[in-house]
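Participant: Have a look at this one before I ask anything.
The values are calculated or read from the model by the stated rules, or taken from the named source; none is laboratory data. The structure displayed is predicted, hence computed values, not measured ones. Cβ coordinates were reconstructed from backbone atoms using ideal geometry, including for glycine residues, and neighbour counts include every protein chain displayed. Note: areas computed on protein heavy atoms with side chains; ligands, DNA, RNA excluded. Shrake-Rupley method; radii C 1.70, N 1.55, O 1.52, S 1.80 Å.
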Amino acid sequence: MKNFQLLLIALIFQFSLQAQIDGSDLWFSESSLNSQNYLLKPKSVVVSDAEGRITLASNELLHGLNRLFKTSIKTKHKVSKESVWLSLSVNSDIRELIDPKELDELGSDGFIIKYIDEKKSVLITGNTEIAVLYGVFHYLRSLQTIQVNKDDLNIIEIPKYKIRILNHWDNLDGSVERGYAGRSIWRWNELPEKISPRYHEYAKVNASIGINGTVLNNVNANPQILSTEYLQKVNAIAKVLRPYGIKVYLSVNFASPAVLGGLENASPKNEQVKEWWKEKVKEIYDLIPDFGGFLVKANSEGQPGPMDYGCTHADGANLLADALQPYGGIVMWRAFVYNPKGNDRARQAYEEFYPLDGQFRQNVMIQVKNGPVDFQPREPFSPLFGAMKTTQLMPELQITQEYLGFSDHLVYLGTLYQEFLQSDTYADGEGATVARVTEGSISNDHLSGIAGVANIGLDNNWCGHHFAQANWYVFGRLAWNPDLDVEMIADEWTRQTLTQDDKAVDAIVKVMMNSREATVNYMTPLGLHHLMGWDHHYGPEPWCEIEGARPDWLPTYYHKADSLGIGFNRSSSGSNAVEQYQAPLISMFDNVSTCPEKYLLWFHHVPWNYQMKSGLTLWNQLCLKYQQGVDEVRRSQEMWNTMEPFIDEKRFAEVEQKIAIQLKEAIWWKDACLLYFQTFSNQPFPKGVEKPIYKLDELKKQKFNLKHHN
Ligand code: GCW
């Protein structure tokens, strides 16, 4: 009987462990330590703060330590040996131990983690509660990841971007535009009364990677978000996020004064409109004193904006900025605009925004997508980053995989983000990378920020694909410091999320690091872009022609394949989009022989028999690139199959299934694109390219059903 009971207990325990590991804990799920890296096995946590200001940080620390060391450490108030000591920097003890100048430089979010020999303890300090909290999360992360010796433990971390923000494209009806992880986490119909536990978890995991702001609703904004009823709901969320240092922002519809306020129009010239915004902003700050500000998509894809009234983006942004300024709020005005009548969509954001440089208020940032078109698997950086010198620009990255296989494909976006952030704009001579021009270290701007379009939903694992969590994670880490090595970040994420086994970590990280290039190769190699179905943005439809659709939504507009060759001529003999870059990039991109091959068909229409650097013809190279993409997915499948001993059952199986989908679809992309382009090149596939398994006419007939993918 006794044995039976024990067996039952063991089974229940086993079951509850199994049930826990489903990805819902994100990067808090792997609870073992890096074996070589016991920074200190603390006996206690010491909190020097009688006023309880760092209670949250100490609770997170205790919780984290007890989870990792599987003990139950307690809090003390007097520093004793072998403890982790938390203190705000105002504490006089700290001022004796650390140079006050160093403390000043930390600003509001920076922190220090230092081994204090005489106390045989690790000190975590900063100027604010949030800074101490960031320090706690960094320390916990270090226990599982980096290998440091406690004797030279002296970490000083100051974030580069001031605003590190997620943009949710979540609608008030609970749907998520371009969301592939279930419905919105914001349950508007239950708010403000009911607070979902997810809000709290969301706050914590975001704080753990340094994110300090969130825009709750879609940029295609419903004016209702500014109604008093919804502001109460927003306030309820803000209360949960506040202790973790996360400010709430809203996307606003420019026509709100008319649609919601009943005014005759929403013109920036209308005094009543100015008054309406002032009143609305006051109402918001009365409720939410630390409200962050507005994000605006105006005069883009049918959204209203100042140009409806003969005004400019600057007039529109300044109207809102003036209302927010007294409270310290900001405007993030998006530069994602394009005009169906233009001859090259890639030129248009620059054409509308560059002439306005210098006309925006101090509390306005222009939020610019990384590339000039739209979150493609690969684009050169948007030329606005090198051009607008007196306006604060804020990069917008996409975390949700709108054009990269949704949450079905394993694509680590760290390498995409890094390629973009480290691109040299030459705005200020050599070395003016996108990161440096936007983080404020060149121009010393008072504001700086970076936004990521969230990939979060109600799915158990938050992001649809377990590996998509890594994209949320890497966005946060790079927003803190865009110069961090993304391979190291992949390693960190894997150790905290999946396994501590060194060999397994190496194999997984290798696959992650190659995954984005693989996706570029099986979808859009050599600078191709926008080959997917025009509305769902999922599978390949390079042939897509839709009557009545905007030409600049259709793949044929972008690839321009014909019997002579393929690619969009943006050189000086074409749309001349190259002129929007700074020297020496203009001539480098303009000249087909100096243009980097990864951007070749972005900037040039190139003959099928053009000789590439490899000596192959363009056609053969293109075919082999598609094949390489498929081969790489196969390699990732082989790698994952060896991971079973290291990964819990559920996540192992779920990733296994997703990779099988990815492989099938990589082949689908390769076959569809190559069979279709072959009708122009009229050449056979070179040796090394697998025989297609699909037929072009069947692929063309197939109707893609987006519903299966949400
Ligand atoms: O990438 C496109 C998307 C739209 C999106 C738009 C934008 C929110 O297809 O769904 O709308 O960009 O960024 O505004």
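Participant: Can you tell me, using C-alpha contacts under 8 Å and at least 6 residues apart, the relative contact order of region 23-157 as a whole percent?
Facilitator: Computed value for region 23-157: 30 percent relative contact order.
Participant: Ranked highest first by average number of other Cβ atoms within 10 Å, how do 194-200, 254-260, 628-634 line up?
Facilitator: Sorting 194-200, 254-260, 628-634 by mean packing, highest first, produces 254-260, 628-634, 194-200.
Participant: Quantify, in whole percent, the carbon and sulfur part of the accessible surface of the chain (1.4 Å probe; protein heavy atoms only).
Facilitator: 51 percent
Participant: Mind checking which aspartates and glutamates have their C-alpha under 17 Å from K120, skipping anything on the same chain fewer than 8 residues away?
Facilitator: Straight-line reach from K120, under 17 Å: E82, D93, E96, D151, D152.
Participant: Over the chain, what relative contact order in percent results from Cα pairs under 8 Å that are six or more residues apart?
Facilitator: 12 percent
Participant: Starting with the highest mean, order 612-625, 537-550, 685-698, 462-475 by the number of other Cβ atoms within 10 Å, averaged over the residues of each peptide.
Facilitator: Final packing ranking: 462-475, 612-625, 537-550, 685-698.
Participant: Ok, one more. With a length cut of 18 Å (Cα positions projected on each helix's long axis) and a Kyte-Doolittle mean of at least -0.5, go through the chain and give me the DSSP H helices that pass.
Facilitator: 2-20, 55-69, 129-144, 228-241, 502-523, 649-681
Participant: Moving to a separate point now. Taking a cut-off of 14 Å between Cα atoms, list the aspartates and glutamates near K274, but don't count ones fewer than 8 places away on the same chain.
Facilitator: Those aspartates and glutamates meeting the cut-off are E264, D315, D322.
Participant: Mean residue ellipticity at 222 nm from the helices of the chain, using -39,500 (n - 2.57) per DSSP H segment of n ≥ 4 over the full residue count, to the nearest 500 deg cm²/dmol?
Facilitator: Rounded to the nearest 500, the figure is -12000 deg cm²/dmol.
Participant: For the ranges 514-523, 98-107, what's the packing order if you count other beta-carbon atoms within 10 Å of each residue, average per peptide, and put the highest first?
Facilitator: 514-523, 98-107
Participant: Follow-up. Could you compute Rg(Cα) / (2.2 N^0.38 Å) for region 62-179, with N its residue count?
Facilitator: 1.29
Participant: Based on the Cα gyration tensor of the chain, what are the three equivalent ellipsoid semi-axes, each the root of five times an eigenvalue, rounded to whole Å and given largest first?
Facilitator: After diagonalising the Cα gyration tensor, the semi-axes are 41, 34, 25 Å.
Participant: Compute the accessible area per residue over the chain, keeping the other protein chains in place, probe 1.4 Å, unit Å².
Facilitator: 39 Å²
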